[in-house]
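The values are calculated or read from the model by the stated rules, or taken from the named source; none is laboratory data. What you are looking at is a predicted structure, and each value in this text was computed from that prediction instead of being measured. In this analysis, Cβ positions are derived from the backbone assuming ideal geometry, glycine residues included, and neighbour counts consider all displayed protein chains. Surface areas here come from the heavy atoms of the whole protein model, side chains and all, with no ligands, DNA or RNA. Shrake-Rupley method; radii C 1.70, N 1.55, O 1.52, S 1.80 Å.
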Amino acid sequence: IRPVADADKRTLIRRVYYDLTGLPPSPDNVAEFLADKSPKALEKVVDRLLASSQFGERWGRHWLDVVRYGESQGFERDKLRLDAWRYRDWVADALNADMPYDRFAAWQLAGDVLQPDDPSATVATGFLVAGPWDEVGNSQQSLAMKRVVRQDELEDLAASVGQTFLGLTINCARCHDHKFDPIRTTEYYQVISAL
């Protein structure tokens with residue numbers, strides 16, 4: 001098997017633009033790149049795109065998928081969340097600012113506690129409410145049903161925390177010790193109690 005030949009410059013700039021911003025290059029961008037004969041032509045384009053706001057928007061989308069972000073609450077009534085955009089924009093801004101991952105993660109879990117005087121840290125905790133919210137279930141008259149809905153919400157949040165930050169499906173330990181990962185039911189409920 002022979003390797004594929006190197007891409008020509010026109011193909012290369014399109015690939016770089018789509019990979020880093022999700023957008024095609026403008027005809028002017030392509031013409032400028034084709035005219036640049038320096039060995040660092042591609043490096044200059046990559047650096048410019050990494051510094052652009054579109055980079056954080058593109059890559060933020062992947063993070064938002066992982067954390068089950070939605071601009072509506074889901075379920076039967078599926079109302080819009082009018083301020084959901086604040087968390088979405090915070091993610092893009094954090095990526096564009098090259099925020100260290102430890103702070104990026106910690107602020108989403110407890111930014112309001114870690115940096116109580118920083119409104120941006122509070123917005124980061126939008127992670128905790130980014131998933132679906134069952135308005136019908138939460139408006140039940142039965143206290144027992146409200147408690148069931150609350151446990152389901154906590155299970156969703158625990159699952160999101162486990163999958164996002166640990167790469168583990170911890171939510172199956174809600175009912176039994178995890179079959180494959182070393183997560184016990186008691187540890188699952190310790191996570192739930194912290195949420």
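Between Asp78 and Arg150, the simple spin-label model (points 7 angstrom out along Cα→Cβ) gives 2.9 nm. Tell me whether the stretch 1-82 comes out rounded, prolate or oblate; compute the Cα gyration tensor, take square roots of the eigenvalues as a ≥ b ≥ c, and use a/c under 1.5 as the rounded threshold. Since a/c reaches 1.5 and a/b is larger than b/c, the shape of the stretch 1-82 is classed as prolate. Taking 0.36 nm per residue of separation and subtracting the current Cα-Cα distance, fully stretching the chain between Asp177 and Asp98 would add 24.7 nm.
For Arg2 and His62, what is the calculated FRET efficiency with R₀ set at 35 Å and r taken between the beta-carbons, to the nearest 0.05? Approximately 0.60, to the nearest 0.05. Accessible area per residue for the chain, computed on protein heavy atoms with a 1.4 Å probe, is 64 Å². If R0 equals 30 Å, the separation of the Cβ atoms of Phe165 and Ala31 corresponds to a calculated FRET efficiency of about 0.10.
For the stretch 31-102, which GluC sites (Glu not before Pro) pass both filters: DSSP loop (anything but H, G, I, E, B) and at most 11 other C-beta atoms within 10 Å?
Working: sites: Glu32, Glu43, Glu57, Glu71, Glu76; in loops: Glu71, Glu76.
Here the sparse-neighbourhood loop sites are Glu76.
Give me the percent of the accessible area of the chain that comes from carbon and sulfur atoms, probe 1.4 Å, all protein chains in place. Please list the in-between numbers first.
On the way: 7000 of 12470 Å².
The nonpolar share, carbon plus sulfur, comes to 56 percent.
A straight line joining the Cα centroids of the stretch 137-164 and the stretch 66-126 runs 20 Å. Around the amide H of Ser72, modelled in the peptide plane, lie the amide H atoms of Arg81, all under 5 Å away and 5 or more residues distant in sequence or on another chain. Computed from point charges on the beta carbon alone (+1 for Lys and Arg, -1 for Asp and Glu), the dipole magnitude for the stretch 18-137 about its Cα centre is near 240 Debye. Here His62 sits with roughly 60 square angstrom of accessible surface, probe radius 1.4 Å.
With a ≥ b ≥ c the root eigenvalues of the C-alpha gyration tensor of the stretch 93-193, is it rounded (a/c under 1.5), prolate (a/b larger than b/c) or oblate? Note, shape of the stretch 93-193 comes out oblate.
Which helices count as membrane-span-like in the chain under these terms: full DSSP H, at least 24 Å along the axis by C-alpha, Kyte-Doolittle mean of -0.5 or more? The partial results should precede the final answer.
On the way: long enough: 143-161 (27 Å, 0.01).
Within the chain the helices that satisfy the rule are 143-161.
The percentage of C-alpha pairs in the chain whose separation is greater than 27 Å is 48%. The equivalent ellipsoid of the stretch 141-195 has semi-axes of 22, 12, 9 Å, largest first, where each one is the square root of 5 times an eigenvalue of the Cα gyration tensor.
Under 18 Å from a point 7 Å along the Cα-to-Cβ line of Gln115: which residues of the stretch 80-106 have their amide N that close? The answer is 86-106.
Listed by chain and number, the lysines whose C-alpha is less than 20 Å from the C-alpha of Lys146, apart from same-chain residues fewer than 8 away, are Lys79.
Can you list the trypsin sites (Lys or Arg not before Pro) in the stretch 1-52 that are in a DSSP coil and have 16 or fewer other beta carbons within 10 angstrom?
On the way: sites: Lys9, Arg10, Arg14, Arg15, Lys37, Lys40, Lys44, Arg48; in loops: Lys37, Lys40.
Answer in residue order: Lys37, Lys40.
With Cα atoms as the point set, the stretch 20-60 shows a radius of gyration and Dmax of 10.9, 33 Å.
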